[in-house]
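Undergrad: I'd like to ask some things about the structure below.
The values are calculated or read from the model by the stated rules, or taken from the named source; none is laboratory data. No experiment lies behind these values; they were computed from the predicted model shown. Neighbour counts run over all protein chains shown; Cβ positions are idealised from the backbone, glycine included. Surface areas here come from the heavy atoms of the whole protein model, side chains and all, with no ligands, DNA or RNA. Shrake-Rupley method; radii C 1.70, N 1.55, O 1.52, S 1.80 Å.
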Amino acid sequence: MTTSIIFAGAGGQGIQFSGKQMAKTAMYCDMQVTFLPSYGPEMRGGTSNSTVVISDGEIGSPSVTTPDIVVAMNLPSFDKFEPAVKAGGILVIDSTLVEKRSERTDIRTVAIPATELAVANGLEGFANVIVLGQLIKVTGLFDYDTFLNYLVGSIPPAKAALIEKNEKALALGWGLEL
């Protein structure tokens with residue numbers, strides 16, 4: 001089975017980090033994976049997206065035009081990628097920053113008030129990890145403990161202070177009942 005995901009938002013929202021975490025976890029779980037980052041020269045505040053393809057077989061191309069899943073962390077990303085989601089796919093949005101809702105009836109939309117939850121829980125800058133928690137829950141791509149193990153394991157010793165916040169944010173996203 002092959003699953004393609006596009007993470008999209010503004011630079012500084014953790015878009016590349018989210019894609020890397022999905023790709024690394026898939027790699028460590030002995031799956032085939034591609035990770036294709038894309039961002040403008042302005043980086044923080046500019047456009048940013050990353051494409052991840054996860055498969056149990058060979059992957060023909062890292063390029064994806066009709067993803068199974070789109071994570072849109074801002075309105076421009078919603079506008080750009082919502083039409084591309086494959087029929088039967090999933091659109092995940094940060095409903096704090098994306099006030100629009102998809103009118104498509106052939107996809108599932110998961111609206112997470114990620115930025116609002118992050119601020120309310122002292123996790124500013126961790127909205128993307130909240131989204132990852134819900135994403136792995138609704139897709140079943142990875143079990144919670146496996147993903148958490150590789151997420152925490154990817155944090156360098158110099159940034160050990162971020163472990164607790166990442167754990168808290170992932171648990172918050174996973175625990176949401178939407």
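Undergrad: Six or more apart or on different chains, Cβ atoms under 9 Å: show the pairs whose first residue is in segment 83-110 and over 17 Å from Gly133 (Cα atoms) and whose second is of a type in the set (D, E, K, R) and open to solvent by less than 50 Å² (accessible area, probe 1.4 Å).
TA: Between residues of segment 83-110 that are over 17 Å from Gly133 (Cα atoms) and residues that are of a type in the set (D, E, K, R) and open to solvent by less than 50 Å² (accessible area, probe 1.4 Å), the close pairs are Val85/Asp68; Lys86/Asp68; Gly88/Asp68; Gly89/Asp68; Lys100/Glu82; Ser102/Glu82; Arg104/Glu82; Ile107/Glu82.
Undergrad: Name the one entry in Gly60, Gly88 that is out of contact with any helix residue (DSSP H, G or I) (no Cβ under 6 Å at 6 or more places or on another chain) and on the phi > 0 side of the Ramachandran plot.
TA: On inspection, the qualifying residue turns out to be Gly88.
Undergrad: Okay, moving on. How many of the residues in segment 81-120 are outside any loop (DSSP other than H, G, I, E, B), closer than 29 Å to Ala161 by Cβ and open to solvent by 70 Å² or more (accessible area, probe 1.4 Å)?
TA: Within segment 81-120, residues that are outside any loop (DSSP other than H, G, I, E, B), closer than 29 Å to Ala161 by Cβ and open to solvent by 70 Å² or more (accessible area, probe 1.4 Å) number 3.
Undergrad: Tally up the residues in segment 65-77 that are surrounded by fewer than 23 Cβ atoms within 10 Å (Cβ to Cβ), within 15 Å of Ile107 (Cβ to Cβ) and among the β-branched types (Val, Ile, Thr), please.
TA: Selection size over segment 65-77: 1.
Undergrad: Pick from Leu170, Leu148, Leu123: which is farther than 19 Å from Gln13 by Cβ, surrounded by 18 or more Cβ atoms within 10 Å (Cβ to Cβ) and aliphatic (A, V, I, L, M)?
TA: Numbers: Leu170 fails: farther than 19 Å from Gln13 by Cβ; Leu123 fails: farther than 19 Å from Gln13 by Cβ.
One residue alone meets the criteria, Leu148.
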